[in-house]
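Taking it in order: structure first as structure tokens, then the write-up.
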Ligand SMILES: [Zn+2]
Ligand SMILES: [Zn+2]
């Protein structure tokens, strides 16, 4: 009864076009879903970015840089549809988009994540001033949703973003890394409070572009003797 009432009050809105989704029970319009570009083969064996040539194993970024994370997965190409969807999710309080995102991550990568069997999920943190403006960290919403579905613990504040970094878009690769190197810090208090050994971490974020953010987080974790770091993101750029 309550659910029927809630559905009337708050019908599901499409995570892409924002219209009310029909038929009931769906999380996205079928037309919008057909527009989304799911990552498929050939893709980079490390970061899952689509690559042009099937014979290649890795994208140019993974070839050039010796990333310390083991492997990662993304769902969609970061095209105009996902750009809008994620921007609504991130900046315009459309947190309900997460339900669709999580359902899709579980559908595509649930088994893979179970096989990896991470000890904890950790969202890529945002700086507290951004958290103050928005009231939430989009990556944390994703991590918590995934943790709930997979029955895995989420340590929301194992990593802290301690410095306000420049917007990454305007920077070169080298500058990005320099910019990010000192941006993340390990939260020993949270680790101690958790009380168990952590060997494998699955990082959760919304977008993966060059990999420098995920790598910066991986570095911090590995420096604390965490052995394996994986990641899952909603979107990823192309590897060519
Ligand atoms: Zn739609
Ligand atoms: Zn790659």
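The values are calculated or read from the model by the stated rules, or taken from the named source; none is laboratory data. What you see is a predicted model; the values in this text were computed from it and never measured. With ideal geometry, Cβ positions are generated from the backbone for all residues, glycine too; neighbour counts draw on all protein chains shown.
When the stretch 22-51 is filtered for residues that are surrounded by 12 or more Cβ atoms within 10 Å (Cβ to Cβ) and touching a residue at least 60 places away in the same chain (Cβ under 8 Å), the ones remaining, listed by number, are 27, 28, 39, 43, 44, 47, 48, 49, 50, 51. The set of residues in the stretch 70-94 being within 14 Å of the chain's Cα centre (by Cα) and either over 17 Å from residue 233 (Cβ atoms) or not in a helix (DSSP H, G or I) (or both) consists of 71, 72, 73, 74, 75, 76, 77, 78.
Every test in (1) within 19 Å of residue 238 (Cα to Cα); (2) in a helix (DSSP H, G or I) is passed by residue 7 save one, and that test is (1). Residues that are assigned to a loop (DSSP other than H, G, I, E, B) and over 13 Å from residue 231 (Cα atoms) were ranked within the stretch 120-134; the one that is nearest to the chain's Cα centre (by Cα) is 125. Picking from residues in the stretch 52-73 that are more than 10 Å from ligand 2 (Cβ to nearest atom) and touching a residue at least 60 places away in the same chain (Cβ under 8 Å), the one that is surrounded by the fewest Cβ atoms within 10 Å (Cβ to Cβ) is 52. Of all the listed residues (19, 104), the sole one being more than 16 Å from ligand 2 (Cβ to nearest atom), free of Cβ contacts under 8 Å to residues at least 60 places away in the same chain and assigned by TED's automatic domain parsing to the domain that holds residue 220 is 104.
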